[in-house]
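Note sheet for the following structure.
The values are calculated or read from the model by the stated rules, or taken from the named source; none is laboratory data. In this text, all values refer to a predicted model and were calculated from it rather than measured experimentally. Every residue, glycine as well, gets a Cβ built from its backbone with ideal geometry; the counts of neighbours run over all protein chains shown. These area figures cover heavy atoms from the full protein model, side chains too; ligands, DNA and RNA do not enter into them. Shrake-Rupley method; radii C 1.70, N 1.55, O 1.52, S 1.80 Å.
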Amino acid sequence: MLRKETVGGALLLVGTVIALVWINSPVGDSYTALRDFEVGPASLHLDLSLGTWAADGLLAIFFFVVGLELKREFVAGDLRDPARAALPILAALGGVAVPAVIYVLVNLGTGGGALNGWAIPTATDIAFALAILAIISTHLPTGLRTFLLTLAVVDDLVAVTIIAIFYTADLQLLPLAGALVPLGLFALAVQRRIRSWWLLLPLAAATWVLVHESGVHATVAGVLLGFTVPVIRSAAAGGPDAGPGLAEHFEHRIRPISAGLAVPVFAFFAAGVEIGGLSGLTESLTDPIALGIIAGLVLGKPIGILGTAWLTARFTHATLDDELTWLDVLGVSLLGGIGFTVSLLIGDLAFGAGSTADDHVKVGILTGSLVAGLLAAVLVKSRDRVYEQMAADEAIDADDDGIPDVYQREQEDRDADR
């Protein structure tokens with residue numbers, strides 16, 4: 001059940017709502033006390049608050065799954081074919097650059113370190129986006145989902161790079177070099193197809209601790225560990241045709257922990273912001289930081305994704321999937337404006353958890369994501385009849401061979417092209 005996008009997205013939303021209601025209730029101080037309660041061994045510099053454990057520790061599980069997805073897409077998925085992946089990859093890069101530019105333009109004269117948050121509106125929350133897609137339409141064409149997944153994969157890769165490069169305040173080279181030892185042993189074990197949790201978990205934990213000590217955000221350790229896991233079965237194990245590789249096995253096992261525990265708990269601790277009634281909400285929404293985030297998510301994402309995709313198709317040989325129209329791409333572009341999990345994380349890194357600017361950041365992220373999600377829902381829902389007909393066409397199997405005719409025609413077309 002936890003592997004379904006609708007369930008993961010619903011739990012994420014529940015965690016957010018509980019946090020907002022709790023901190024703005026008469027007992028809001030108890031939420032703050034819980035979030036700031038410190039646990040962990042001080043000797044290892046791991047006496048962290050529960051909120052920090054959620055952002056640095058639990059979210060590393062989420063990024064481990066992201067690492068597995070990224071490697072699978074590059075090795076065996078749509079991103080292995082440059083010609084097919086060019087348009088959504090460039091669209092994703094446009095969807096990162098334009099929101100950042102809009103945020104910077106809005107905050108050029110703000111001062112007070114406001115420009116530190118330039119990366120906040122660049123991220124897309126794929127769990128929320130897919131959950132909304134699954135809820136509002138049950139007949140999505142394969143091309144639309146593939147386009148969104150490719151966008152999200154590239155978006156996640158850029159977000160990890162941004163966190164590692166721009167939000168590492170004090171780099172300690174010795175712990176970072178030390179992290180290569182358990183990381184290398186983990187890689188060696190998984191390359192030999194070892195699945196023993198009693199060996200892999202301590203190596204993963206050691207890698208996480210050393211990366212955390214180095215000053216690089218600890219979630220990067222999750223991505224690096226995911227990158228080491230093999231995607232395709234070895235020849236000794238039967239090769240690609242023998243079944244799923246170790247990356248898919250790990251993803252199948254760990255995704256429920258990520259979707260059911262790590263991300264909702266992080267959202268619970270990260271989304272708690274004291275709004276302060278109507279006046280507090282007005283103050284937050286008139287802050288240039290929040291306005292820059294909202295403009296970046298609601299306007300920057302669709303302009304960047306749709307505009308870059310159109311320019312790429314116009315001036316290169318890259319083409320849009322035959323079953324999609326530019327209206328469909330606009331719907332996906334609006335969904336890209338749902339920047340929640342990673343946006344909240346970057347907001348914490350940019351301004352510091354609990355600061356006034358951080359509270360305004362959270363209001364901006366929540367508002368921008370809500371507006372982008374509603375606009376996307378209206379547009380995608382208006383295309384539901386078209387998608388239903390596409391789904392019916394994709395299911396036709398006139399020769400009863402178990403393979404839909406549309407896929408056989410696509411293979412015949414590729415053979416003819418060759």
Exercise for the section: Using just the helices of the chain, give the 222 nm mean residue ellipticity in deg cm²/dmol: DSSP H runs with n ≥ 4 each add -39,500 (n - 2.57), and the total is spread over all residues, rounded to 500. Expected result: -21500 deg cm²/dmol
Fill in the blank from the handout: Contact order relative to length for segment 151-285, counting C-alpha pairs under 8 Å separated by 6 or more residues, stands in percent at 21
Completion exercise
GNM on the chain, Cα springs under 10 Å; top mean-square fluctuation among 365, 293, 257 goes to 257
Exercise for the section: Round to the nearest 0.05 the FRET efficiency obtained for residue 194 and residue 286 when R0 = 51 Å and r is the Cβ-Cβ distance. Expected result: 0.35
Exercise for the section: Find the Cα radius of gyration of the chain, compare it with 2.2 N^0.38 Å by division, and give the number to two decimals. Expected result: 1.01
Exercise for the section: Just grab the label-to-label distance for residue 382 and residue 201, each label 7 Å out from Cα along the Cβ direction, in nm (one decimal). Expected result: 5.1
Handout entry: Net dipole in debye of the chain [+1 Lys, Arg Cβ; -1 Asp, Glu Cβ; about Cα centre; nearest 20]
Key = 680
Fill in the blank from the handout: With the 1.4 Å probe rolled over protein heavy atoms, segment 56-188 has an accessible area per residue in Å² of 40
Handout entry: Cβ-placed point charges (K, R +1; D, E -1), dipole of segment 59-163 about Cα centre in debye, nearest 20
Key = 100
Fill in the blank from the handout: With +1 on the Cβ of every Lys and Arg and -1 on the Cβ of every Asp and Glu, the dipole magnitude of segment 247-395 about its Cα centre, in debye rounded to the nearest 20, is 140
Practice task
Starting with the highest mean, order 11-17, 198-204, 367-373 by the number of other Cβ atoms within 10 Å, averaged over the residues of each peptide.
Solution key: 367-373, 11-17, 198-204
Completion exercise
For segment 355-360, in residue order, the Karplus 3J(HN,Hα) values (coefficients 6.51, -1.76, 1.60; θ = phi - 60°; whole Hz; Gly and Pro = x) are 6, 4, 4, 5, 5, 5
Exercise for the section: Could you look at the chain and say what percent of its accessible area is carbon and sulfur, using a 1.4 Å probe and all protein chains? Expected result: 66
Problem - Fluctuation leader among 226, 276, 51 - the chain, Gaussian network, Cα springs under 10 angstrom - result: 276
Problem - Part-to-part distance (alpha-carbon centres) for segment 247-286 and segment 165-200, which is given in Å - result: 26
Problem - Net lengthening on full extension, residue 104/residue 279 (0.36 nm per residue, minus Cα-Cα) - result: 60.4 nm
Exercise for the section: Express the relative contact order of the chain as a whole percentage, based on alpha carbon pairs under 8 Å and six or more residues apart in sequence. Expected result: 28
